[in-house]
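Only one structure is covered here, and it is reproduced in the block below.
Please treat every number below as a calculation from the coordinates, not as lab data. The structure presented is a predicted model; accordingly, all values stated were derived computationally and were not measured. Please note: Cβ atoms are built from the backbone with ideal geometry, for glycine as well, and neighbour counts cover all protein chains shown.
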Amino acid sequence: MRKSSIILILALALGIPIVLGTCAYNDMVSAEQQVDAGWAQVENVLQRRADLIPNLVATVKGIAAQEQAVFTAVADARGRLLAARGPADAGEADAALDSALGRLLAISERYPELRSSENFIRLQDELAGTENRIAVERRRYNDLVRDYNVSIKRFPRRIFAALFGFEEREFFRAAEGAQEVPRVDFGAGQ
């Protein structure tokens, strides 16, 4: 075998893994950035909802001042959502906020003057639109996480992912019991 053939074989043996590793690394960086951008968008729409809630609470408070326990639950849940760190914390806080908002919106059934308030109706519509945006962004985020996680688990990328420190990302999951309809009780016990 000639010396030039041996050099060519060695160059290919070293060059192919380097090229494959570079391509895999760049693809994983892109996928990771998409996941981060997806999570930022989920946080954006959660923040929008959190910003709408004080206005909704203030509108309801003006008419239904005696419902203090509901107002406190909404404020506490909103605070937990704003302080959430990552998808798991946000999922739990989001479930608590959904429950508290359900109770807040149920108050409107007891107060006809609230149901006819233009401000309340507008805020309720904005909140419903925001809830739809949240659902869309959660789904998009989870799609990006799925694609990223699959990408770093496939061979041979799995080797490069481990080598470069790419780790599996967490899905946004609803908190335990979030699939159950919240029970609203405005009985005398509150």
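Report, as a whole number in µm² per second, the diffusion coefficient that Stokes-Einstein gives for the chain at 10 °C and 1.306 mPa s using the Kirkwood radius over alpha carbon pairs.
Rounded to a whole number, D works out at 80 µm²/s.
Give me log10 I(q)/I(0) at q = 0.18, 0.19, 0.27 Å⁻¹ for region 136-176, Debye formula, one equal scatterer per alpha-carbon, no solvent.
-0.54, -0.58, -0.86
Report the FRET efficiency, 1/(1 + (r/R0)^6), for ARG140 and GLU113, where r is their Cβ-Cβ distance and R0 is 35 Å, rounded to 0.05.
0.35
Taking all pairs of distinct Cα atoms, average 1/r, flip it, and tell me the Kirkwood hydrodynamic radius of region 37-80 in Å to one decimal place. If you can, show how the numbers build up before the last one.
Numbers: mean 1/r = 0.0876 Å⁻¹.
Here the Kirkwood hydrodynamic radius works out to 11.4 Å.
Which ³J(HN,Hα) values in Hz, rounded to whole numbers, follow from the phi angles of region 68-74 under the Karplus curve 6.51 cos²θ - 1.76 cosθ + 1.60, where θ = phi - 60° and Gly and Pro get x?
Values per residue, Gly and Pro as x: 4, 4, 5, 4, 5, 4, 5 Hz.
Could you tell me the distance between the Cα centroids of region 8-73 and region 74-130, to the nearest Å?
If you average the Cα positions of each part, the centres end up 21 Å apart.
Rank by packing, highest mean first: peptides 95-103, 107-115, 11-19, with packing defined as the count of other Cβ atoms within 10 Å averaged across residues.
95-103, 107-115, 11-19
Points 7 angstrom from Cα along the Cβ direction at ARG2 and ALA128: gap in nanometres?
7.9
For the peptides 88-94, 133-139, what is the packing order when you average, over each peptide's residues, the other Cβ atoms within 10 Å and list the highest mean first?
88-94, 133-139
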